[in-house]
Amino acid sequence: MKEANLWEDARGRLEIAAKQTSLEPLLHARLAEPDRVVEMSLSIQMDDGRIKEFPAFRVQHSNIRGPYKGGLRYHPRVDMDEAKALAFWMTMKCAIADIPFGGGKGGIAVNPKELSAGELERLTREFTRKLAPVIGSDKDVPAPDVNTNAKIMDWIRDEYEQITHTNAPGVVTGKSLEHGGSEGRTEATGLGGALVLSSILKTLGRDPRGMTVAIQGFGNVGSYLARYLKKMGCVIVALSDSKGGLYIPRGITDLDAIEECKERSGRLAGCYCVGSVCDLSNMESLGGKDIQPEDTLTLPVDIVVPAALEGAITKENAHKIQASIVLEMANGPTTSEADEILSQRGVTVIPDVLANSGGVAVSYFEWLQNKSDEHWKVERVYEALQEKMETAAAKVAEVAASRNCSLRDAAYIIALERIVQKYS
Ligand code: NAD
């Protein structure tokens, strides 16, 4: 899905926002480069005795508004330019959600599915050893991203505490509940996306009930989002993962059964579920058909949701999008060229820096709980998340209306204005 250089694309976005806000040149220059990049090579012993090396990165983009904050991604395609762009978007996202964090991102170029549990743990602990001097609860706070999870965050906390001889629950967020995690963190990004969509639909005078949705990516973000959108009355008609997907125009009803089927078979394709029986033989009775991952975005639906990786919507497929709304749950799923095409075609794009900020919002609540040694009930987390998402969405919609600009432009204007406030 990757095309042009993501970092160049992100910097292009900064250029536009800088002009719109008459950003002071020195601050502009500082935001146009990350504060720091840390490049590592991680050597570990594999189960068969071989020594293998994995490139790894941490980018600290800006801490003007607070400690660097952002996920760690384990994926063969992780590289420095991707990490720089993702770190920059985190700086913007935290400012839009009005969270006192800056932006960071990192990861390891590895396919974790090819590692044993022991190899994954050794790799994560080695990564932590090399990251330890630059992370910390008031310095830089990593979190999960693609292919990383609570278990990996628990290992990082544990290794970091051993190295520094401290109790440091706030060094990472997205931990398991037993190791200082927050209620509601796992589902936070999906839930946050549903709350943002609901707020924006209100401003457009549209009712979510009956709106059809196609979601590309059925991991943490896509699977929870599907559930919350269904609760709002949307009809989920298509889902896909990296290996394929399904399209059922009359609606996908049993998301739990589909999730179990995906876990069992390792793929979403073919998970046509009737009751607890999920297989291809149900395809016809459900009126469904198989789709390729990239087809998900161009189906005749009301809302499309890229929730996989960046660069999903490009100048090649932007013309083919039939939906009137794109809810960007992945980071950077739309290239600048594609964004321009969508804008000209009157498609409402709810930008990633707003749509997927629920995860970092609850990460912030986790960090606050760790700092004060508290444990919030899930209701309190949901309430605080709802407040954050609705306030952020309303502000973005208000600025877009008053400046007659896109939601993305409005989001970046708000972010830069908030950074300026802290900078001066
Ligand atoms: P995940 O690893 O849990 O899931 C990713 C999903 O995308 C998987 O189902 C995978 O099969 C699918 N996928 C990969 N390539 C695909 C393709 N070409 N077509 C269709 N599906 C494909 O990751 P996640 O945590 O759900 O993250 C998804 C996106 O959301 C990423 O861009 C991530 O940066 C962003 N994001 C995640 C969080 C979070 O809290 N997890 C927060 C903000 C943003």
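This model, with +1 at the C-beta of Lys and Arg and -1 at the C-beta of Asp and Glu, gives the chain a dipole about its Cα centre of some 600 debye. Projecting the Cα atoms of ILE200, SER182, VAL172 onto the charge dipole of the range 130-200 (Cβ charges, centred on the Cα centre) puts ILE200 farthest toward the positive pole. Assuming charge only on the beta carbon of Lys and Arg (+1) and of Asp and Glu (-1), the dipole of the range 1-96 about its Cα centre is about 360 debye to the nearest 20. Simple rule: put +1 on each Lys or Arg Cβ and -1 on each Asp or Glu Cβ in the chain, find the dipole, and look at ASN147, SER281, ALA132; the Cα lying farthest toward the positive end is ALA132. Equivalent-ellipsoid semi-axes for the chain (Cα gyration tensor, √(5λ), whole Å, largest first): 31, 28, 20.
One quarter of the convex hull surface built on the alpha carbon atoms of the range 141-295 amounts to 10.9 nm², the projected area averaged over directions. Charge dipole of the range 279-382 (Cα centre as origin; +1 on each Lys and Arg Cβ, -1 on each Asp and Glu Cβ, all else neutral): 260 debye, rounded to the nearest 20.
Its relative contact order, with pairs defined as Cα atoms under 8 Å and 6+ residues apart, puts the chain at 16 percent. A cut-off under 10 angstrom between Cβ atoms defines the neighbours of ASP47, and their net charge, with Lys, Arg +1 and Asp, Glu -1, is 0. Scaled against the 2.2 N^0.38 Å expected of a compact globular protein of N residues, the Cα radius of gyration of the range 32-168 reads 1.01. Normalised by 2.2 N^0.38 Å, where N is the number of residues, the C-alpha radius of gyration of the range 319-403 stands at 1.37. Computed over the alpha-carbon pairs of the range 256-368, the distance histogram in 10 Å steps reads 13, 34, 29, 22, 3, 0 percent, short to long. For the residue pairs LYS130/LYS175; LYS231/LYS422; LYS84/LYS175, the C-alpha atoms sit more than 28 angstrom apart in LYS231/LYS422. Rounded to the nearest 5, the antiparallel percentage of DSSP beta bridges internal to the chain is 55%. With a cut-off of 11 Å between beta carbons, the residues surrounding VAL134 carry a summed charge of +2, where Lys and Arg count +1 and Asp and Glu -1. Think of the chain as a dipole: +1 on every Lys or Arg Cβ, -1 on every Asp or Glu Cβ, centred on the Cα centre; then among LEU354, GLN45, ALA308, LEU354 lies furthest on the positive end.
Each value in this text was obtained by applying a stated rule to the coordinates, not by laboratory testing. What you are looking at is a predicted structure, and each value in this text was computed from that prediction instead of being measured. Quick reminder, even Gly has a Cβ in these numbers, built from the backbone with ideal geometry, and neighbours come from all protein chains shown.
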